[in-house]
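Here the structure is laid out as structure tokens; the discussion comes afterwards.
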Amino acid sequence: MKTIEVKTGRPYNIYIEHGLLSNAGKYVRNVSSAVRAVIVSDSNVAPIYAEAVDASLRENGFETSLFVFQAGEERKRLSTIEKMYSHFYEHDITRTDIVVALGGGVTGDMAGFAAASYLRGIDFVQIPTTLLSQVDSSVGGKTGVDLPTGKNLVGAFWQPAVVLIDPDTLSTLPGKFFNDGMGEVIKYGCIRSRSLFERLEKENAADIIDDIIYESVSIKKDVVEHDERDTGERAILNFGHTFGHALEKLYDYSGITHGEAVALGALLITRITEQKGITEKGTSDRLLALLKKYHMTTSTEFTLPQITAATRGDKKSSGKGLNFIFLREIGTCFINKISTDKINDYFCGE
């Protein structure tokens, strides 16, 4: 087993081990004296894993219930959260009870937000079952839902009590969603680890998945510890996300996955910054080749003016500007704030 301690305002551990899911109850009990535990999962994950997690929780003294929502980013709405609240109420969930998020990024974001806001805050646990959620969204305490006007515009910082990562869950993940998670993995290589990027180029990610998960989580952990509330350095984790979120909005949250959108956003940004002499020449070609290797989207029907227009209302806005993350070279990045009224000119001008 690999253990990573996250030293935020509320410290917690991340455990990484094959077969961990069937022992989840023991680790939840170690961090909680709750009487009741609500498992929140989606219609894809629950039929595969909910029974095992439920049994483990019961073996460790929890009274359990299961809330299942229809899978899909388009369900990441306040209307789904309201249904969660009703389930919590109907099953007598109190402030001393606990929510167990079992699934991908959508599940973790929503279950975490419901836990953060119900009764002004109850504990929750992350059990991520997708590559994207294991390497990224389950760590750091960002929770929330989408609005029609933008992604993750409603949410809260709410750190989990523990994160349980079982790489075995990736064996049931369709190839498209494994590749989706690779979008975030590639991001980590771009911003902080040239060696990770080069391993992804030379090796097959599936063959080194344990190393990939551990290094990705370690990078995020270090950044989050320095900037838990996302007021400075943590912004570098948004490389590719500003354009990525704009693309998700343009596709109405159903025509492109989050990881694909982030990776494509990173590619589009890097092409522009390379043309401007900001990024080392050849970087965008290497990034393009890596996206193709992992069968990810490398083009879009939407124009740059459409994409820049869709960045309006992005939650990363600050004052009259928006933070963009640029690469100097693979493994090194910096934050560049661009005035809102200059974004279109900067990216679409001559």
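The values are calculated or read from the model by the stated rules, or taken from the named source; none is laboratory data. Values in this document were obtained by computation on a predicted structure and should not be read as measured data. All Cβ positions, even for glycine, are placed from backbone atoms using ideal geometry, and neighbour counts span all protein chains on display.
Looking only at segment 59-84, how many residues end up being assigned to a loop (DSSP other than H, G, I, E, B) and touching a Phe, Trp or Tyr at 6+ places or on another chain (Cβ under 6 Å)? If you could, list the steps in order and put the result at the bottom.
Here is the first cut: in segment 59-84, the ones assigned to a loop (DSSP other than H, G, I, E, B) are 60-62, 70-72, 76-77.
Cutting the leftovers down to touching a Phe, Trp or Tyr at 6+ places or on another chain (Cβ under 6 Å) gives us none.
The total comes to 0.
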(1) out of contact with any strand residue (DSSP E or B) (no Cβ under 9 Å at 6 or more places or on another chain); (2) hydroxyl-bearing (Ser, Thr, Tyr); (3) closer than 26 Å to ILE209 by Cα all hold for TYR49 apart from (1)
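Please count how many residues of segment 37-58 are part of a helix (DSSP H, G or I) and either surrounded by 13 or more Cβ atoms within 10 Å (Cβ to Cβ) or touching a Lys or Arg at 6+ places or on another chain (Cβ under 8 Å) (or both).
So the first thing to find is which residues in segment 37-58 are part of a helix (DSSP H, G or I), and the list is 46-58.
Imposing the further condition that a residue be either surrounded by 13 or more Cβ atoms within 10 Å (Cβ to Cβ) or touching a Lys or Arg at 6+ places or on another chain (Cβ under 8 Å) (or both) reduces the set to 46, 48-50, 52-58.
Here the count works out to 11.
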I'm trying to understand the selection: among the residues of segment 129-180, which are modelled with pLDDT under 95 and among the small types (Gly, Ala, Ser)? GLY150, SER171, GLY175
Examine segment 253-265 for a residue that is farther than 25 Å from TYR15 by Cβ, touching a residue at least 40 places away in the same chain (Cβ under 8 Å) and among the charged types (D, E, K, R), and state whether such a residue exists. yes
Given the criterion outside the structural domain of LYS142 (by TED's automatic domain parsing) and exposed (fewer than 15 other Cβ atoms within 10 Å of the Cβ), identify the matching residue among ASP211, ASP180, ASP230. ASP211
With in a loop (DSSP other than H, G, I, E, B), more than 18 Å from PRO160 (Cβ to Cβ) and in contact (Cβ under 8 Å) with a residue 40 or more places away in the chain as the only criterion, which of THR8, THR94 stands out? THR94
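Among the helices (runs of 4 or more DSSP H) lying completely within segment 225-314, list those that include at least 2 residues that are at pLDDT below 95. Spell out the reasoning first.
Working: elements: 241-250, 258-275, 283-293, 304-310.
Fully inside segment 225-314 and qualifying: 241-250, 258-275, 304-310.
In this structure, does ALA34 turn out to be outside any loop (DSSP other than H, G, I, E, B) and buried (at least 18 other Cβ atoms within 10 Å of the Cβ)?
Numbers: outside any loop (DSSP other than H, G, I, E, B): no; buried (at least 18 other Cβ atoms within 10 Å of the Cβ): yes.
Here the answer is no, as ALA34 does not meet what is asked.
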Segment 161-177 - residue that is of a type in the set (A, V, I, L, M) and not in a loop (DSSP other than H, G, I, E, B) and, of those, surrounded by the fewest Cβ atoms within 10 Å (Cβ to Cβ): LEU170
Which is under 20 Å from LYS293 (Cβ atoms) and free of Cβ contacts under 8 Å to residues at least 24 places away in the same chain, of ASP180, ASP227, ASP207? ASP207
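So, in segment 289-301, exactly how many residues are surrounded by fewer than 15 Cβ atoms within 10 Å (Cβ to Cβ) and farther than 16 Å from ARG194 by Cβ? Show your work before the answer.
Step one: list which residues in segment 289-301 are surrounded by fewer than 15 Cβ atoms within 10 Å (Cβ to Cβ), which gives 289, 292, 295, 299, 301.
From what's left, farther than 16 Å from ARG194 by Cβ: 292, 295, 299, 301.
Summing the residues that are surrounded by fewer than 15 Cβ atoms within 10 Å (Cβ to Cβ) and farther than 16 Å from ARG194 by Cβ in segment 289-301 gives 4.
Is it the case that GLY108 is in contact (Cβ under 8 Å) with a residue 24 or more places away in the chain, assigned by TED's automatic domain parsing to the domain that holds THR149, touching a helix residue (DSSP H, G or I) at 6+ places or on another chain (Cβ under 6 Å) and assigned to a helix (DSSP H, G or I)?
For GLY108, the condition - in contact (Cβ under 8 Å) with a residue 24 or more places away in the chain, assigned by TED's automatic domain parsing to the domain that holds THR149, touching a helix residue (DSSP H, G or I) at 6+ places or on another chain (Cβ under 6 Å) and assigned to a helix (DSSP H, G or I) - is met.
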Out of SER65, SER79, SER32, SER56, sole residue that is among the polar types (S, T, N, Q), over 20 Å from the mean Cα position of the chain (by Cα) and closer than 24 Å to GLU248 by Cβ: SER79
